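K.L.:
Take a look at the following structure, please.
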Amino acid sequence: MSKGNYRMSEPELRSVEMLQSVAKDTPAVEIIMLTHESIKVRVQGESHRWYCLDSKLQSEEDIIHHEGSEWSIAVTAGRWRNDVIEENDYSVKLCLHSKNQNLPIGDRIVSLVLALFNDIKTALQIPMLAQFIVCHRHMLKDIIIFQDTMIVSQDMIDDDWPCEDEMEQEEYDEMEWHSAMEDFELPTPDEVIHDTEQAEIEQLAAEETREREEQELINFWELMADKLLDK
């Protein structure tokens, strides 16, 4: 496979057309980038959380070493839209994959898009997603990735914690993990709702401030133009 010369096959093109149709019919789904080698989609779930699916064509070396398909898909999530756009400290990775890795890339992305669009329902089947949804925004700052069996935080990376496969082989780490989870209290539904409403209020206030500053700048230059005309 040669990057730069790759062209999608007929099944891939048809699957991408289906993805475009889903994005067109669903206001919460937006295609950010669409080329023969890169597809990027942003979606807002029913929980008002934001997700970004970034899919790239892999090189032959990547496929051999990772034993994956021709396309990789990375899922970035955040509570605010700007969190996933900027991929700032409050964005996290979700270890999510479509069930059938042999499907054309458009089909695989659509399956993930629909699952994340209906994220509240999907979270009933995927506890990892439920953990992300109920997590306060300030807590996400210390989290790197949500995996099936554990959450990887920055502290774990700094302390050289074992990866997920090593956790399954070392029983003492598992005991420490369960002990830590017993002390962890999930936010109540009222706290989740309040956090979401507060985020929306702050985002709206920021947009109003930006619009006001833009209008003030326009007014200033209009005034300067009028003065120049008077002279």
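K.L.:
Go over the candidates S111, S98 one by one and state the one that is modelled with pLDDT under 90 and assigned by TED's automatic domain parsing to the domain that holds T35.
P.N.:
Matching residue, one of S111, S98: S98.
K.L.:
Further question: Mind checking which residues of the range 136-155 are in contact (Cβ under 8 Å) with a residue 40 or more places away in the chain and surrounded by 14 or more Cβ atoms within 10 Å (Cβ to Cβ)?
P.N.:
Listed by number, the residues that qualify are R137, L140, K141, I143, I144, I145, F146, Q147.
K.L.:
Specify the residue that is farthest from M128 (Cα to Cα); the eligible residues are those in the range 91-105 that are in contact (Cβ under 8 Å) with a residue 40 or more places away in the chain and buried (at least 20 other Cβ atoms within 10 Å of the Cβ).
P.N.:
Checking each candidate, the answer is P104.
The values are calculated or read from the model by the stated rules, or taken from the named source; none is laboratory data. Since we're looking at a predicted model, the values are computed, not measured. When we count neighbours, we look across all protein chains shown, and the Cβ atoms used for this are built from the backbone with ideal geometry, even at glycine.
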